[in-house]
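We did not get these values from a lab; they are worked out from the coordinates using the rules stated. Computed from a prediction, not measured in an experiment: that's the story for all the values here. Glycine gets a Cβ as well: all are built from the backbone with ideal geometry, and neighbour counts include every protein chain shown.
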Amino acid sequence: MPTPHWRSVPRTAATDTIYGLALSPDGQRLATASWDSLVKIWDVAAGRVEHEMRGHDGRVYTVRFHPAGQWVASGGTDTTVRLWDVATGAALWSQSGHSSLVYSVDFQPGGELLASGSEDGTICIWTSADGTLVRTIEGHPQYVQGVVFSIDGTRLVSGSRDCTMAVWDVDSGEELLRLDVINNGINSTQFSPDGTRLLLSNVDGSIGLWDLEKGGLIMEMEEHTYPAWSAVFSPDGKTIASGSADKTIVLWDAFTGAEMSRLTGHEKDVYCVAFSPDGKWLYSGSVDKHIRAWSLDSSDPRWETLSTAWQTAEAEDAKAAAEAAIALAEQTPAKAPASGLLGRLFGGKR
């Protein structure tokens with residue numbers, strides 16, 4: 001991957017901390033979760049808010065797009081999990097199955113189920129369409145900061161502040177595996193695109209890469225000086241991006257663990273990072289109340305257009321922003337790479 005090239009394109013997304021963000025499957029929309037109780041849907045090309053969804057009573061910690069892109073799920077301090085219509089911004093359902101704040105949500109790859117992890121140590125599995133509670137899984141004595149479905153949707157992995165991660169059978173709720181993360185609380189979890197590796201961001205600032213088939217740590221990256229709040233794979237699985245309380249984003253080689261680049265510009269903790277589906281853009285959200293767009297391909301012709309669109313949108317120049325958005329829309333993003341094979345543990349039911 002080329003050396004990351006970026007220019008600061010800050011955009012005030014909320015009146016408070018941005019704790020979570022997610023890209024739609026087509027890369028055209030960005031969802032944000034912020035501590036002002038709002039969920040927002042952004043038009044990425046124009047850099048403007050399409051919908052501002054109100055309903056949460058308190059901070060919103062997590063957002064995730066449905067695999068088909070028509071819905072967004074969210075969770076927050078009011079203990080609820082909510083589903084929103086992306087096209088209209090309408091609230092579709094709200095359910096409370098947890099007794100404390102909801103830190104993370106994730107859709108099953110097929111989209112039928114939604115999982116949520118909470119400060120109360122529980123995991124809830126819901127039907128996506130109507131919010132019916134399918135099952136509650138208990139097994140962590142401390143916060144469940146991250147939940148993620150396996151690529152085939154039959155397993156669910158949870159990462160907790162109790163310094164363990166666990167693998168659960170989705171149909172039965174049975175615990176299949178538990179691994180000790182060596183006295184290190186977990187902040188986020190994500191599978192590699194081919195489903196063979198699990199990525200953890202940790203309280204001590206390290207980024208851990210795990211092989212769940214063998215039940216072992218592949219490598220640990222330790223360049224952050226404060227907690228690593230989030231870590232994600234690029235769509236091709238070759239790069240890892242992590243955001244930290246040290247105000248930086250680090251790009252790592254996903255196979256060697258080498259630091260490729262360190263991105264600076266945020267003034268406070270970087271809570272969330274997300275790649276665009278084509279892998280050419282990285283978005284970050286921070287306590288400084290800004291989203292930043294980073295171009296990971298200096299030759300990408302969309303950079304100047306996107307930069308102009310977001311800057312003019314910030315200046316509330318509607319005509320200029322619209323012209324920039326139209327220009328960007330004429331350039332078709334590449335499709336994200338297909339997923340690879342699953343590991344043995346995640347290849348089917350036992």
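The table below lists the values:
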{"item": "Inter-probe distance in nm under a simple model that places probes 7 Å from Cα toward Cβ, at T225 and R135", "result": "4.5"}
{"item": "Inter-part distance where the range 242-271 and the range 17-34 are each reduced to a Cα centre, Å", "result": "19"}
{"item": "Peptides 91-102, 21-32, 151-162, 213-224 ordered by average Cβ neighbours within 10 Å, highest first", "result": "151-162, 21-32, 91-102, 213-224"}
{"item": "Charge dipole magnitude, Cβ of K and R +1, D and E -1 - the range 11-313, Cα centre, debye nearest 20", "result": "660"}
{"item": "Likely footprinting exposure, E259, E138, E119, fewest C-beta neighbours within 10 Å first", "result": "E138, E259, E119"}
{"item": "Phi-based couplings in Hz for the range 201-211 (Karplus 6.51, -1.76, 1.60; Gly and Pro marked x)", "result": "9, 10, 4, 7, x, 7, 10, x, 10, 10, 9"}
{"item": "Charge tally in the Cβ shell below 12 Å around E259, where Lys, Arg are +1 and Asp, Glu are -1, E259 excluded", "result": "-2"}
{"item": "Stretchable slack from E174 to A68, in nm (0.36 nm times residue separation minus alpha-carbon distance)", "result": "35.3 nm"}
{"item": "Exposure proxy order (Cβ contacts within 10 Å, fewest to most) of V203, V134", "result": "V134, V203"}
{"item": "The range 11-313 pair-distance distribution - Cα-Cα, 20 Å bins, rounded %", "result": "37, 60, 3"}
{"item": "Residues with amide H under 5 Å from that of R197, placed H, sequence gap 5 or more", "result": "S192"}
